[in-house]
Amino acid sequence: MPTALITGITGQDGSYLAERLLAKGYTVHGLVRRNSSTVRTRLDPLFYDKDVYNERLFLHYADLDDVTTIRRILHKTMPDELYHLAGQSHVGASFEIPESTCQFTAMGTLKLLEILRDLPTPPKFLHISSSEIFGRPDESPQNETTPMRPVTPYGIAKAFATQMTTLYRDSFELFACNAICYNHESPRRGESFVTRKITKAAAAISLGLQDTITLGSLDGRRDWGFAPDYVDAMWRILQQPAPDDYILGTGIDHSVEDFLAIAFRVVDLDWRDYIQQDPRYLRPAEVNRLLGNPSKAKQQLGWTATTQLPEIVRIMVQHDLRELQP
Ligand code: GDP
């Protein structure tokens with residue numbers, strides 16, 4: 001059975017992807033950053049499965065700039081497929097920490113590509129790119145040929161990593177691909193992203209644990225999909241006969257205000273009674289509207305984002321209610 005290596009295995013996508021690949025019979029190796037905490041909640045179901053952890057799932061310590069360590073891990077594990085998910089993925093935070101965002105997201109990807117270039121039999125490589133590369137695009141919806149016009153440090157770092165991935169495919173014959181992912185959410189989404197912040201607040205307010213929710217701009221529009229759908233597409237990209245880039249989105253956009261309304265409706269409340277706005281959450285430059293055209297993924301991968309926003313929100317709010325219930 002094939003072997004996969006995942007960078008960013010402890011994140012939302014990494015944990016779903018690991019589960020998906022293990023269910024398909026893969027051996028899965030994950031890179032994790034060394035720190036004093038060993039709490040990796042998203043991987044808990046796998047840790048406690050004694051047929052899986054340290055049998056078919058293995059974790060290795062390495063930061064993305066530990067080139068020597070990563071090279072050693074690649075030589076030792078000899079993966080067939082490398083899914084590169086790691087990086088600083090919060091757009092708002094990228095304005096506070098642009099240097100480390102670029103160091104990990106941009107240079108981290110280039111360093112991986114450099115390692116692969118030197119391997120005698122490099123694994124197939126998938127870079128998880130982002131719709132943020134389009135920034136303020138000239139066209140809507142965006143497709144694989146839409147010019148990149150990023151307007152945030154995160155988007156600029158991702159544009160660099162995306163173009164390097166394409167360059168290494170064209171120049172060094174690597175099987176290197178980009179999954180250009182629009183926002184994708186789930187109960188495992190980090191709590192600083194607007195979706196999870198809203199579903200958690202709706203649950204907490206309905207349980208009497210919180211009084212208000214404080215947000216920034218409510219006008220932004222995003223193409224929000226369901227993370228478990230997206231990791232399926234990631235796997236499909238690496239099963240194609242030739243490497244290529246794909247837009248992964250739902251083709252439908254909603255505003256932050258729409259998201260609020262749907263989430264509070266799940267708990268029978270009106271969001272307008274609880275909202276507060278704080279300029280602290282405004283960004284120096286805002287991406288107004290991102291909408292993907294996933295036609296190529298549909299035609300070539302046979303993939304569509306099946307879970308629609310109202311269902312995603314319901315799943316997230318209900319999960320947060322269960323988690324917060326005393
Ligand atoms: P992004 O598309 O990767 O930036 O995903 P986010 O979930 O971080 O933000 C989505 C949209 O929600 C952006 O337009 C943000 O400006 C907007 N937003 C409004 N209030 C907040 C907030 O309190 N936190 C976050 N993260 N985003 C907010």
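The values are calculated or read from the model by the stated rules, or taken from the named source; none is laboratory data. These numbers come from a predicted model, not from an experiment. Heads up, the Cβs are rebuilt from the backbone with ideal geometry, glycines too, and the neighbour counts pull from every protein chain shown. Note: areas computed on protein heavy atoms with side chains; ligands, DNA, RNA excluded. Shrake-Rupley method; radii C 1.70, N 1.55, O 1.52, S 1.80 Å.
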Original post:
How big is Rg to Rh over region 166-291, alpha-carbon atoms, Rh as the Kirkwood inverse-mean-distance radius?
Top reply: 1.09
Original post:
Of the heavy-atom accessible surface of region 214-267 (probe 1.4 angstrom), what whole percent is carbon and sulfur?
Top reply: 45 percent
Original post:
Along the charge dipole of region 170-270, Cβ charges K/R +1 and D/E -1, which of P243, A203, G216 sits furthest on the positive end?
Top reply: A203
Original post:
Considering only DSSP states other than H, G, I, E and B, which trypsin sites (Lys or Arg not before Pro) in region 272-310 qualify as loop sites with at most 14 other Cβ atoms within 10 Å?
Top reply: none
**OP:** Might you tell me the accessible area per residue for region 179-284, computed with a 1.4 Å probe and given in Å²?
**Re:** 41 Å²
Original post:
So how do E114, E55 rank on accessible area, 1.4 Å probe, biggest first, that is with the largest at the start?
Top reply: E55, E114
Subject >> Magnitude of the charge dipole, the chain, Cβ model with Lys/Arg +1 and Asp/Glu -1, debye to 20 >> reply: 520 debye
Subject >> Ranked order, M234, M148 - accessible area, probe 1.4 Å, largest first >> reply: M148, M234
Original post:
Which value, in debye to the nearest 20, gives the size of the charge dipole of region 84-140 about its Cα centre, when Lys and Arg are +1 and Asp and Glu are -1 at the Cβ?
Top reply: 240 debye
Subject >> Hz values of 3J(HN,Hα) by residue in region 65-73 - Karplus curve (6.51, -1.76, 1.60), Gly and Pro given as x >> reply: 9, 7, 4, 5, 5, 5, 4, 5, 5
Subject >> H75, H319, H84, ranked by accessible area, largest first (probe 1.4 Å) >> reply: H75, H319, H84
Original post:
Taking the alpha-carbon centroid of each part, what is the distance from region 211-236 to region 102-151 in angstrom?
Top reply: 19 Å
Original post:
What residue among V256, P153, T77 has its Cα farthest toward the positive end of the dipole of the chain, where the charges are +1 on Lys, Arg and -1 on Asp, Glu, each on the Cβ?
Top reply: T77
